[in-house]
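S.K.: A single structure is presented below for examination.
Read-outs throughout are calculated quantities, based only on the coordinates presented, and are distinct from any laboratory measurement. For clarity, every value in this text was computed on a predicted model and none was experimentally measured. When we count neighbours, we look across all protein chains shown, and the Cβ atoms used for this are built from the backbone with ideal geometry, even at glycine.
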Amino acid sequence: AWTKHEFSGFKNKDDFEREVVRHVETTLARSIYNCDESAAYSASSLAFRDRLIKDWNKTQQRQTFTDSKRVYYLSLEFLMGRAFDNAMLNLGAKEVAKEGLAELGFRIEDIIGQEHDAALGNGGLGRLAACFLDSLATLNYPAWGYGLRYRYGIFKQEIIDGYQVEVPDYWLDFNPWEFPRHDVTVEIQFYGHVDKRQDENGKTIAKWEGGEMVTAVAYDVPTPGYDTPSTNNLRLWSSKAASGEFDFQKFNSGDYESSVADQQRAETISAVLYPNDNLDRGKELRLKQQYFWVAASLYDIVRRFKKSKRKWNEFPDQVAIQLNDTHPTLAIVELQRILVDVEGLEWDEAWQIVTSTFGYTNHTVLPEALEKWPVGLVQHLLPRHLQIIYDINLFFLQSVEKRYPNDRDLLRRVSIIEESQPKMVRMAYLAVVGSHKVNGVAELHSDLIQTTIFRDFVAIFGEDKFTNVTNGITPRRWLHQANPRLSELIASKADGYEFLKDLTLLNKLELFIDDKEFRKEWAEIKYANKVRLARYIKSTLGINVNPAALFDVQVKRIHEYKRQQLNIFGVIHRYLTLKAMSPEERKMQQPRVSIFGGKAAPGYWMAKQIIHLINNVGALVNKDPDIGDLLKVIFLEDYNVSKAEIITPASDLSEHISTAGTEASGTSNMKFVLNGGLIIGTCDGANIEITREIGQENIFLFGTLSEDVEDLRHVHTYGEHPIDPNLAKVFDAIERGMFGEPNDFKAMISAVRDHGDYYLVSDDFQSYIDTQKMVDEEYQNQEEWISKCIRSVARMGFFSSDRCINEYAEGIWNIEPLAV
Ligand code: 26M
């Protein structure tokens, strides 16, 4: 098999070095004798960027020339992490770069560490979009991502006195991975009014007039595939003030201040990523972001289509658009507006094109996360769009009325407009009505949306419109890049690195499970990864952890439904149990390191309280001489993609313990198992499919099943529900002040004890504790444990994002690969 560097990487280390030196001396205008790590990073990444851009050009030219159907992935979040390591690996030139940098006096890890994460996302949804871009390019699909170029990504988290403090993430000081396209701009309109007139044939013509204009400027980020020259485009829009005569007038008439204020108002649109995850807070600026991005992207797509001179009804033969959650739902309305108001198509013909073009992915059933916008706000900001939404709704409800006559309650339930005070536009319903396919992200989740939030729509549109595409992750970043030694060991047994492109080939490992030497190497790699994390913990927190202890990891956004509170209550229970033991008894216990990480949304008080408790528990436990190495509690600051690349390979056990039915899929569960760690988890999201693939003897499942959750909540509300006795002891310890001021944790305890325990923490507590005990026991038998890890990895092939993207391509987008 050829490797990519034969035609796009570097011939050899000298070739690479020459390019680095050239960039240091000319692009950076520095002396090679005064080249620090930062300059070495800049020059090396510029050298790689030069190669990427050639492949990028070839790929785009070929896609245009062949007029292939392309998918456009619309996502408000792309959680890309670092690009340099990924570019080296995908171009197959990391070895060459490593040798070249060594000759210049640098260690490649230090140079990689210079890069700032591109953190344009909150969590799972944004990282999924990044994995998809990697798979789309690797599989040679014609695809573009469209997003916003936020000046500030997700905030940086600092922990001060145990509390989360948010610091702005300004990441654009030096970003070699983007190409500003100052010539690719779109004027975006807001506010104004609609003028309706009849033309000479009596047809109503709607004109959206007046209001404000803002300019969208394109920034292109090349996204390379692995072991292929295919390089797709991620186009991010940045906002700036439109330079109309209006501003010049203001400027010249001495109204300088207000002209500057206009400029700032425009730039505010793409200034900052909203740091909420699974929560909707209806802010006007967020709606502005959504329309700005959607309108610029659609203008771009339509402009490209018009150049091809094809007939409008062929639009869905050239274009598929995927909506990553409801955030881009206005695209449905905007395309209908362009076709009807601007291009003069009849409503029905336009609507046929629109619904054939869009697919919608749902990522949550949590009611507080379902987007709704007040009708008044939409009317004010986008007056023409509100009219179109009302028309879409009218025609939809008429068709429902025809099929189900005289069912007023049904019409009320499925209406895109919620008749509340104030009236609201239900974005998920609009997305369902305007798409030809709707998918959930794991089997349980797809079943749940079809039987709960979209139940009526399944009856109306039929089952075929609704489908499942179980999430996946890219093995390039999450195995090869994050865990190079494990990747190499696997390659030595699986006939090379083909498994990185066909992850089902991991099954070849099953043959070697009983191979003593192989298991020893496997265990050594896990240990080395734990040593690396232990060093990181020492350097950032000053705490010594024993790499031989069981590393128990829960890293993800902090949210009540993800139940970090269950984990920390369990840790407290463990601490109390250890304290009650004799020294002899303690010696028999399995040492553990409980590792937490994750950000809380800045306004989410309960999540912040959970972080505070974890830190206070750590402060006591970590210095308790009775406990020593038996238990350490670590909160890692500022969890992000590049930290996940260190943490994931070092885990023995990871926690995916959401209340059943609340976590749509989860994707870190897949990453941990792929890196040779086991899972403790609930029957939720993709855990269920992971269990099916790897076997139930290789996963620690516990807790309530999703079908029983509703009944239990009912009992909490209307019946007797004494809280779990072991959990009561934990609460008692907190309330006695063992972990600092008890008032600081009142809300956490009350939620369980006094306010209905919505997330079933008490119901699941005993089964969680029992299952953790089983983990301790099984970990003592290291040979058996390692066998389980290897067997699990061997069976993880299904969870590649390549499989997932192939399912979308075939079942939803109808696109085909195009080799360059
Ligand atoms: C909404 C409105 C205003 C501001 C922000 C939002 C918002 C942002 C992100 C809402 C939800 C957001 O993300 C949800 C998310 O990450 N969902 C996760 O998606 C993953 C990929 O499918 C799944 O694996 C996770 O289970 C699911 O929680």
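S.K.: At a 10 angstrom cut-off on C-beta neighbours, averaged per residue, how do the peptides 210-223, 315-328 rank from highest to lowest? Please report the intermediate quantities before stating the final value.
M.R.: Details: 210-223: 20.4, 315-328: 22.8.
So the order, starting with the most tightly packed, is 315-328, 210-223.
S.K.: Net charge within 12 Å of Asn698 by Cβ-Cβ distance, Lys/Arg positive one each and Asp/Glu negative one each, not counting Asn698 itself?
M.R.: Net local charge, Asn698 excluded: 0.
S.K.: For a footprinting-style exposure proxy, rank Ser665, Ser487 by other Cβ within 10 Å, fewest first.
M.R.: Fewest-to-most ranking of Ser665, Ser487: Ser487, Ser665.
S.K.: Dividing the alpha-carbon Rg of the chain by 2.2 N^0.38 Å yields what?
M.R.: 0.98
S.K.: Quickly work out the Lys773-to-Ser492 label distance, labels modelled 7 Å from Cα along the C-beta direction, and quote it in nm with one decimal.
M.R.: Label-label distance for Ser492 and Lys773, simple model: 4.1 nm.
S.K.: Let me ask another. Place the peptides 399-411, 761-773 in order of packing, highest mean first, counting for every residue the other Cβ atoms within 10 Å and averaging per peptide.
M.R.: On the way: 399-411: 11.9, 761-773: 19.7.
Order by mean packing, descending: 761-773, 399-411.
S.K.: In straight Cα distance, which lysines are under 16 Å from Lys240, not counting same-chain residues fewer than 8 positions off?
M.R.: Lys288
S.K.: Using the charge dipole of the stretch 251-329 (Lys, Arg: +1 at Cβ; Asp, Glu: -1 at Cβ; taken about the Cα centre), state which of Phe315, Val272, Ser258 has its Cα farthest towards the positive end.
M.R.: Of the options given, the answer is Phe315.
S.K.: In the chain, what % of DSSP beta bridges are antiparallel (nearest 5)?
M.R.: Rounded to the nearest five, the antiparallel share is 45 percent.
S.K.: What would the Debye formula give as log10 I(q)/I(0) at q = 0.14, 0.19, 0.22 Å⁻¹ for the alpha-carbon point model of the stretch 182-253, no solvent?
M.R.: -0.71, -0.89, -0.99
S.K.: Give the distance, in whole Å, between the Cα centre of the stretch 675-720 and the Cα centre of the stretch 393-463.
M.R.: That distance is 29 Å.
S.K.: Classify the stretch 475-799 as rounded, prolate or oblate from the Cα gyration tensor: take a ≥ b ≥ c as the square roots of its eigenvalues, call it rounded if a/c is under 1.5, otherwise prolate when a/b beats b/c and oblate if not.
M.R.: prolate
S.K.: So how do Lys54, Lys671, Lys94 line up by other beta-carbon neighbours within 10 Å, fewest first? Provide the component values of the computation, followed by the final result.
M.R.: Values: Lys54 14, Lys671 30, Lys94 22.
Lowest to highest Cβ neighbour count: Lys54, Lys94, Lys671.
S.K.: Could you please state, rounded to a whole Å, how far the C-alpha centre of the stretch 64-106 is from the C-alpha centre of the stretch 648-668?
M.R.: After rounding, the separation between the Cα centres reads 28 Å.
S.K.: Go through 633-643, 192-202, 254-264, 346-356 and give me the packing order, highest mean Cβ count within 10 Å leading.
M.R.: 633-643, 346-356, 254-264, 192-202
S.K.: Nothing charged except the Cβ atoms of Lys and Arg (+1) and of Asp and Glu (-1): what's the magnitude of the dipole of the stretch 1-110 about its Cα centre? Round to the nearest 20 debye. Walk me through the intermediate numbers first.
M.R.: Numbers: 17 positive and 18 negative charges, 116 e Å.
Dipole of the stretch 1-110, to the nearest 20 debye: 560 debye.
S.K.: Can you tell me the dipole magnitude for the stretch 475-799 around its Cα centre, using point charges on the Cβ only (Lys, Arg +1; Asp, Glu -1), in Debye to the nearest 20?
M.R.: With Lys and Arg at +1 and Asp and Glu at -1, about 1300 debye.
S.K.: Which net charge results for the neighbourhood of Lys538, defined as the other residues with beta-carbon distances under 13 angstrom from its beta-carbon, given Lys and Arg at +1 and Asp and Glu at -1?
M.R.: Counting the neighbours of Lys538, the net charge comes to +4.
S.K.: Classify the stretch 103-252 as rounded, prolate or oblate, taking a ≥ b ≥ c as the square roots of the eigenvalues of its Cα gyration tensor: rounded when a/c is under 1.5, otherwise prolate if a/b is larger than b/c and oblate if not.
M.R.: Here the stretch 103-252 falls in the prolate category.
S.K.: Then there's this: Of Trp293, Ala600, Phe132, which is farthest towards the positive pole of the chain's charge dipole, taken about the Cα centre with +1 and -1 on the beta-carbons of Lys, Arg and Asp, Glu respectively?
M.R.: Trp293
S.K.: Related question: Express in nm, to one decimal, how much length is gained between Val165 and Asp67 on full extension, taking 0.36 nm for each residue of separation and deducting their alpha carbon distance.
M.R.: This chain segment gains 30.3 nm when fully extended.
S.K.: Where does the chain land at 222 nm, in deg cm²/dmol rounded to the nearest 500, when only DSSP H runs of n ≥ 4 count, each adding -39500 (n - 2.57), divided by all residues?
M.R.: Here the helix-only value at 222 nm equals -14000 deg cm²/dmol.
S.K.: How big is the C-alpha Rg of the stretch 498-597 next to the rule-of-thumb value 2.2 N^0.38 Å, as a ratio?
M.R.: Numbers: Rg = 18.1 Å, N = 100, 2.2 N^0.38 = 12.7 Å.
So the Cα radius of gyration is 1.43 times the expected 2.2 N^0.38 Å.
S.K.: Under the rule a/c < 1.5 gives rounded, and otherwise a/b versus b/c splits prolate from oblate, where does the stretch 583-734 land using the Cα gyration tensor?
M.R.: Verdict is rounded for the stretch 583-734.
S.K.: By what distance, in whole Å, do the Cα atoms of the stretch 386-515 stretch along each of the three principal axes, largest value first?
M.R.: The Cα atoms of the stretch 386-515 stretch 69, 26, 22 Å along the principal axes, largest first.
S.K.: Given Lys520/Lys587; Lys203/Lys283; Lys526/Lys632; Lys311/Lys437; Lys69/Lys283; Lys94/Lys599, which pairs have Cα atoms separated by over 29 Å?
M.R.: Checking Cα-Cα distances, Lys203/Lys283; Lys69/Lys283; Lys94/Lys599 exceed 29 Å.
S.K.: Positive end of the dipole of the stretch 475-799, charges at C-beta (+1 Lys, Arg; -1 Asp, Glu), about the Cα centre: which of Val752, Ile558, His716 has its Cα farthest in that direction?
M.R.: So the residue we want is Ile558.
S.K.: Starting from the Cα of Leu172, step 7 Å toward the Cβ, then list every residue of the stretch 271-292 with an amide N under 13 Å from that point.
M.R.: Inside the label zone: 271-273.
S.K.: What spacing in nm lies between the two simple spin-label points modelled at Arg532 and Lys306, each 7 Å away from Cα in the Cβ direction?
M.R.: Rounded to a tenth, the inter-label distance reads 5.1 nm.
S.K.: When Glu697, Glu178 are ordered from fewest to most other Cβ atoms inside 10 Å of their Cβ, what list results? Write down the numbers at each step before the final one.
M.R.: Details: Glu697 8, Glu178 19.
The fewest-first ordering by Cβ neighbours comes to Glu697, Glu178.
S.K.: Quick one: check the C-alpha center-to-center distance for the stretch 192-261 versus the stretch 152-167, whole angstrom.
M.R.: The stretch 192-261 and the stretch 152-167 have Cα centres spaced 34 Å from each other.
S.K.: So, one more: If you place +1 on the Cβ of every Lys and Arg and -1 on the Cβ of every Asp and Glu, how big does the dipole about the Cα centre of the chain come out, in debye to the nearest 20?
M.R.: Computed charge dipole of the chain: roughly 1200 debye.
S.K.: Which distance in nm do the two modelled labels at Arg403 and Asp624 give, with both placed 7 Å along the Cα-to-Cβ direction?
M.R.: It works out to 6.0 nm between the two label points.
S.K.: Counting alpha carbon pairs within less than 8 Å and at least 6 residues apart, what relative contact order, in whole percent, applies to the chain?
M.R.: Relative contact order, the chain: 13 percent.
S.K.: For the stretch 475-799, calculate the relative contact order in percent as a whole number, restricting contacts to Cα pairs under 8 Å that are 6 or more residues apart.
M.R.: For the stretch 475-799, the relative contact order is 23 percent.
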